[in-house]
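Input: a single structure, listed below in structure tokens.
The values are calculated or read from the model by the stated rules, or taken from the named source; none is laboratory data. Because the structure is predicted, anything quoted here is derived from the model rather than measured. FYI the Cβ positions are ideal-geometry reconstructions off the backbone, even for glycines, and counts take in every protein chain you see. These accessible areas exclude ligands, DNA and RNA; they are computed on the full protein's heavy atoms, side chains included. Shrake-Rupley method; radii C 1.70, N 1.55, O 1.52, S 1.80 Å.
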Amino acid sequence: MGNNFICMNKKDTKNGGIVSRSKRGSLSKRRSSVEEELLHRQALAMAIQQHQLSQRFDNGSMSRRLGSTSSRRRAASLSDPFSSTNTKPLPEYLENIKTKKFVLVHGEGFGAWCWYKSIALLEESGLLPIALDLAGSGINITDTKNVTTLAAYSKPLIDFLQSLPEDEKVILVGHSSGGACISYALEHLPEKISKAVYLCGTMISDGQRPFDVFAEELGSAELFSSESKSLIYANGKDNPPTGFMFEKQHLQGLYFNQSPTKDVALAMVSMRPIPLGPMMEKLSLSAEKYGTGRRFYVQTLDDNALSPDVQEKLVRENPPEGVLKIKGSDHCPFFSKPQSLHKILLEIAQIP
């Protein structure tokens, strides 16, 4: 599997070919820029609306679930900006892709909204991406203080997999702590999963906790002391903390050190508290179920939240079928390196 992405252009054969190619490139870039700007504006508008809704969800006043129906999946996919341009023939490589449905699982604090660039790229390639909100995330109505186990956190994912037709499989993509959720799914519904992709994810072994992966970078006394402003005590200070929410200055340095400022702004109005229970739970993974799954790991090489050394250790201790790397990516490659991530997902999908 190659990790370098090189675009080879045909040589110019006519006089003035260089100028013509330059004009075409300029128009293409301008068009892509306009489409990206329109897409981002729609994502930001939806994120602000979801942020306002999430505050009401925690009070139990509304009920919605992203990814539960085709119309909501369309809302999650944010594909409208591409609808007028998505008429070109589908690429030939689709014939080599047996499983075309991707289920995108966000990491801690994020939601389905974070995948908006990847969804648009996958749809434009003729594939079927679906982004789900885990319990207490995005616009899922569950109060994070009630999400105390990995089973509860992963329930929207498990429910979706169980709803699939008997003979249908999907490719799971789990970002960050979402890696623990796809491991949980591999253990409980291996027959529904064609491949599992850990995107700088918590690909832990049997008996480990998702939090253990982050302990070196994030488990400082300052962040997790009783005086920490990041800990949330929804059941009162006399009880254990129920959640965690990074302060903005920590988020930017840890998660978004290479991400565009527009996407950082999107995250700041969209992220919700992280339920601590699932992060502290030890996974029970068997060789008979989890062990038979086809796992792939995507490393992010400019990651401050989960350093390349830690990611390399995960791969070493729990070897997957394949390892791919994204240079120059922070902890959120769907923001900082969406095209590179897209090419890797296509590459994994085409593996027999």
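Residues that are modelled with pLDDT under 65 and either over 19 Å from Pro275 (Cα atoms) or among the acidic types (Asp, Glu) (or both) do occur in region 87-107, at least one of them.
Within region 141-163, the residues that satisfy the criterion of being of a type in the set (A, V, I, L, M) and in a loop (DSSP other than H, G, I, E, B) are Ile141, Val147.
Filtering region 100-130 to residues that are more than 30 Å from Val213 (Cα to Cα) and in contact with a Lys or Arg (Cβ under 6 Å, 6 or more places away or on another chain) leaves Leu127, Leu128. For region 305-352, a residue qualifies if it is open to solvent by less than 20 Å² (accessible area, probe 1.4 Å), of a type in the set (Asp, Glu) and either more than 17 Å from the chain's Cα centre (by Cα) or over 25 Å from Pro260 (Cα atoms) (or both), but none of them does. Restricting region 251-269 to residues that are of a type outside the set (Gly, Ala, Ser) and open to solvent by less than 20 Å² (accessible area, probe 1.4 Å) leaves a set whose member that is modelled with the lowest pLDDT is Leu251. Looking across region 197-216 at every residue that is surrounded by fewer than 21 Cβ atoms within 10 Å (Cβ to Cβ) and assigned to a helix (DSSP H, G or I), the one that is nearest to the chain's Cα centre (by Cα) is identified as Phe214. Just one residue in the set Gly138, Gly174 is assigned to a strand (DSSP E or B) and in contact (Cβ under 8 Å) with a residue 40 or more places away in the chain; that residue is Gly174. Annotation note: Cβ proximity below 7 Å between a residue of region 233-250 that is within 18 Å of Asp263 (Cα to Cα) and open to solvent by 100 Å² or more (accessible area, probe 1.4 Å) and a residue that is of a type outside the set (Gly, Ala, Ser) and not in a loop (DSSP other than H, G, I, E, B) (sequence gap 6+ or interchain) occurs for Lys248/Met268.
Residues in region 278-304 that are open to solvent by 20 Å² or more (accessible area, probe 1.4 Å) and polar (S, T, N, Q): Ser284, Ser286, Thr292, Asn304.
Within region 118-129, the residues that satisfy the criterion of being more than 14 Å from Gln350 (Cα to Cα) and surrounded by 22 or more Cβ atoms within 10 Å (Cβ to Cβ) are Ser118, Ile119, Ala120, Pro129.
Quickly run through region 313-352 and pick out the residues that are closer than 14 Å to Ser125 by Cβ, touching a helix residue (DSSP H, G or I) at 6+ places or on another chain (Cβ under 8 Å) and either part of a helix (DSSP H, G or I) or among the β-branched types (Val, Ile, Thr) (or both).
Passing the criteria: Pro338, Gln339, Leu341, His342, Leu345, Leu346.
Give just the number: which of (1) assigned to a loop (DSSP other than H, G, I, E, B); (2) surrounded by fewer than 22 Cβ atoms within 10 Å (Cβ to Cβ); (3) in contact with a helix residue (DSSP H, G or I) (Cβ under 7 Å, 6 or more places away or on another chain); (4) not small (Gly, Ala, Ser) does Arg272 not satisfy? For Arg272, the failing item is (2). Taking the criterion of being out of contact with any Leu (no Cβ under 8 Å at 6 or more places or on another chain) and among the β-branched types (Val, Ile, Thr), the residues of region 299-342 that qualify are Val310, Val315, Val323.
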